[in-house]
Amino acid sequence: LTALGCAGVPHDPGYSSYMILALSAARILPGSLDFAVNTLSALSAALAAALTLPLGRRLGLASGLDEGSSRALGLGAAFLAGLSGLLWEQALLAEAYAPAQAVLAVALLAATGATLSWGACVGGGLLAGFGYGIHPLVPAACVLALFGRGVVLGWGKLVKAGSFLAAAAGLLLGLGTS
């Protein structure tokens, strides 16, 4: 919080994207800096838990489950994520972990989308690159998700759609913001 108060760098690697998010929250939300950053963490954790529902549903559909079973899988995953002690702990801390989970959840949704559109892949790559400035594991997890998608769908579909190139371009652009 001290680094946020003077718009400084907390320590290497600096978490530049997190600093941008936290400073934006401090300017938008009323009250003290502490309140704004804690609210950012709480809202980010809630978003990460909520996005577990469509992510679980998509993974269920991709693995061959029917719509009802996939929806139940998504609901169960969101329920378990919402009850996770670690998620609650991170929701109550003025740290980068909950925002990293939210950015990761959005990027994973882009990586598991129904279509392999160029825009979705660039957007997912941008989020992964931006997420590096929040926590270094965000882009690594996104690369693993794209790899997993290649295993599930077959590599030919990913290469034909240019997904890897689009995601790589987005990742490089996103890393430029970090």
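Scanning for something open to solvent by 50 Å² or more (accessible area, probe 1.4 Å) and out of contact with any helix residue (DSSP H, G or I) (no Cβ under 9 Å at 6 or more places or on another chain), does segment 19-34 turn up at least one residue? Yes, because at least one residue in segment 19-34 is open to solvent by 50 Å² or more (accessible area, probe 1.4 Å) and out of contact with any helix residue (DSSP H, G or I) (no Cβ under 9 Å at 6 or more places or on another chain). Pairs are defined by a Cβ separation below 8 Å, a sequence spacing of at least 6 or placement on different chains, a first member in segment 21-43 that is assigned to a helix (DSSP H, G or I), and a second member that is aromatic (Phe, Trp, Tyr); the pairs so defined are 41/97. When we screen 77, 105 for residues that are among the aliphatic types (A, V, I, L, M) and under 16 Å from residue 40 (Cα atoms), the only hit is 105. Taken together, the criteria exclude residue 177 from residues that are open to solvent by less than 50 Å² (accessible area, probe 1.4 Å) and either at pLDDT 70 or above or of a type in the set (S, T, N, Q) (or both).
The values are calculated or read from the model by the stated rules, or taken from the named source; none is laboratory data. Keep in mind the model is a prediction, meaning the values are calculated, not measured. Don't worry about glycine lacking a Cβ; one is built from the backbone with ideal geometry, like all the others, and counts go over all protein chains shown. Heads up: the accessible areas ignore ligands, DNA and RNA and are worked out on the full protein's heavy atoms, side chains in. Shrake-Rupley method; radii C 1.70, N 1.55, O 1.52, S 1.80 Å.
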